[in-house]
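First comes the structure, then the notes that go with it.
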Amino acid sequence: MGSNTVVNRHKERGRYDTGTIYGILDGSLICHVAFSIDGLPYNMPMIPVRIDNTLYLHTSARSRFYETLSKGTDVCIAATLLDGLVLAKSAYNSSMNYRSTMVFGKLAPVTDPEEKLKAAHQLTEKIAGGRWADCRQPSESELRATGFLKIPIATFSSKVREGPPTDNPEDLSLGYWSGVIPLCISRGEPVTSPNDEGRTTLPEYLQD
Ligand SMILES: Cc1cc2nc3c(=O)[nH]c(=O)nc-3n(C[C@H](O)[C@H](O)[C@H](O)COP(=O)(O)OP(=O)(O)OC[C@H]3O[C@@H](n4cnc5c(N)ncnc54)[C@H](O)[C@@H]3O)c2cc1C
């Protein structure tokens with residue numbers, strides 16, 4: 001796949017280091033996997049899991065997604081962290097602060113059961129640190145039913161916008177407020193499952 005991974009528009013926002021992409025992938029609970037089947041485009045939301053320089057996705061081993069993509073279809077996987085709404089003096093210069101990334105290449109199926117287990121462990125810990133040791137772990141049949149796919153983090157680009165609005169000099173004296181409204185995802189109060197009421201207590205690692 002001939003990917004051009006150099007950011008052209010706002011070149012100064014392009015980032016190509018592993019530290020930036022690792023931070024985005026690790027901080028993202030969702031990524032979108034774009035691919036084409038029979039000339040039709042799809043863009044599938046999934047959970048990105050990174051171990052070292054490999055990005056893992058998981059799905060049903062019987063899904064069309066798994067069957068198609070394990071054959072080596074070209075994909076572009078995008079993840080974005082939204083950091084703020086940027087309100088400039090003008091509508092035109094208003095923007096968002098973000099860290100976004102795209103990984104290009106082909107996914108390959110994970111066949112080694114040990115590697116599958118490692119990816120399942122990382123996924124569970126990503127959802128809630130401390131959870132792997134505090135839940136029933138996957139059985140052999142559950143692991144067989146789960147298709148893991150992996151892609152090396154080799155062909156990629158990241159793009160980062162940060163800081164205040166960029167106003168035109170002639171707009172600076174206008175009396176409209178300008179600035180940034182920070183955005184972040186936060187975890188709310190845990191809600192105990194109705195099946196579990198009075199039977200268990202909230203573990204410490206979920207209390208913060
Ligand atoms: C939350 C969010 C909202 C956005 N909203 C808009 C919008 O409404 N309109 C708009 O025009 N643009 C928007 N952008 C920017 C958009 O993602 C593109 O960067 C921009 O449109 C330039 O596209 P291009 O095809 O000209 O990119 P080019 O700079 O020509 O792209 C060349 C290569 O740069 C890399 N690249 C480009 N953009 C990104 C990116 N965002 N992340 C990682 N790598 C990238 C890719 O490898 C790509 O192949 C938004 C970005 C984010 C993160």
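The values are calculated or read from the model by the stated rules, or taken from the named source; none is laboratory data. Note that the structure is predicted; figures quoted are calculated from it, not measured. Methodologically, a virtual Cβ is constructed for each residue, glycine included, from the backbone with ideal geometry; neighbour enumeration extends over all protein chains shown.
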Mind listing whichever residues of the range 4-25 are under 25 Å from LYS150 (Cα atoms), surrounded by fewer than 17 Cβ atoms within 10 Å (Cβ to Cβ) and within 8 Å of the ligand (Cβ to nearest atom)? ASN4, THR5, VAL6, GLY14
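Conditions (1) touching a Cys at 6+ places or on another chain (Cβ under 7 Å); (2) buried (at least 17 other Cβ atoms within 10 Å of the Cβ); (3) farther than 23 Å from LYS126 by Cβ, marked per residue:
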| position | (1), (2), (3) |
| --- | --- |
| ILE51 | no, no, no |
| ARG64 | no, no, yes |
| ALA79 | yes, yes, no |
| LEU82 | no, no, no |
Counted residues in the range 180-199 being surrounded by fewer than 10 Cβ atoms within 10 Å (Cβ to Cβ) and either of a type in the set (Ser, Thr, Tyr) or closer than 13 Å to GLY130 by Cβ (or both) come to 2
Those residues of the range 135-179 that are touching a residue at least 24 places away in the same chain (Cβ under 8 Å), basic (Lys, Arg) and either surrounded by fewer than 14 Cβ atoms within 10 Å (Cβ to Cβ) or closer than 20 Å to LEU81 by Cβ (or both) come to a total of 3
Quick one: SER90 ticks every box in (1) under 24 Å from THR68 (Cβ atoms); (2) touching a helix residue (DSSP H, G or I) at 6+ places or on another chain (Cβ under 8 Å); (3) within 16 Å of the ligand (Cβ to nearest atom) bar one, so which box is it? (1)
Please go through (1) away from the ligand (no atom under 12 Å from the Cβ); (2) farther than 18 Å from ALA119 by Cα; (3) assigned to a strand (DSSP E or B) for LEU57 and return the number of the only condition it doesn't satisfy. (2)
Does any residue of the range 160-181 turn out to be modelled with pLDDT of 95 or more, within 25 Å of ASP17 (Cβ to Cβ) and within 16 Å of the chain's Cα centre (by Cα)? yes
Could you figure out which of (1) surrounded by 17 or more Cβ atoms within 10 Å (Cβ to Cβ); (2) farther than 22 Å from GLU142 by Cβ; (3) not hydrophobic (A, V, I, L, M, F, W, C) isn't true of ASP38? (1)
Any residue that is part of a loop (DSSP other than H, G, I, E, B) and in contact with a helix residue (DSSP H, G or I) (Cβ under 8 Å, 6 or more places away or on another chain) - is there at least one of those in the range 62-81? yes
By residue number, the members of the range 135-158 that are within 16 Å of the ligand (Cβ to nearest atom) and among the small types (Gly, Ala, Ser) are ALA154, SER157, SER158
Name every residue in the range 97-134 that is within 16 Å of the ligand (Cβ to nearest atom) and either β-branched (Val, Ile, Thr) or surrounded by fewer than 15 Cβ atoms within 10 Å (Cβ to Cβ) (or both), in order of residue number. THR101, VAL103
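Counting just the residues of the range 1-32 that are among the hydrophobic types (A, V, I, L, M, F, W, C) and touching a residue at least 60 places away in the same chain (Cβ under 8 Å), which one comes out nearest to PHE104 (Cα to Cα)? Step through it out loud before you land on a result.
We begin by selecting, within the range 1-32, every residue among the hydrophobic types (A, V, I, L, M, F, W, C); these are 1, 6-7, 21, 24-25, 29-31.
Right, trim to touching a residue at least 60 places away in the same chain (Cβ under 8 Å) and you get 1, 6-7, 21, 24-25, 29.
Numbers: MET1: 8, VAL6: 12, VAL7: 14, ILE21: 13, ILE24: 15, LEU25: 14, LEU29: 19 Å.
Among those that are among the hydrophobic types (A, V, I, L, M, F, W, C) and touching a residue at least 60 places away in the same chain (Cβ under 8 Å), it is MET1.
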The strands (runs of 3 or more DSSP E) lying entirely within the range 1-53 that contain at least 3 residues which are over 15 Å from THR73 (Cα atoms) are 49-51
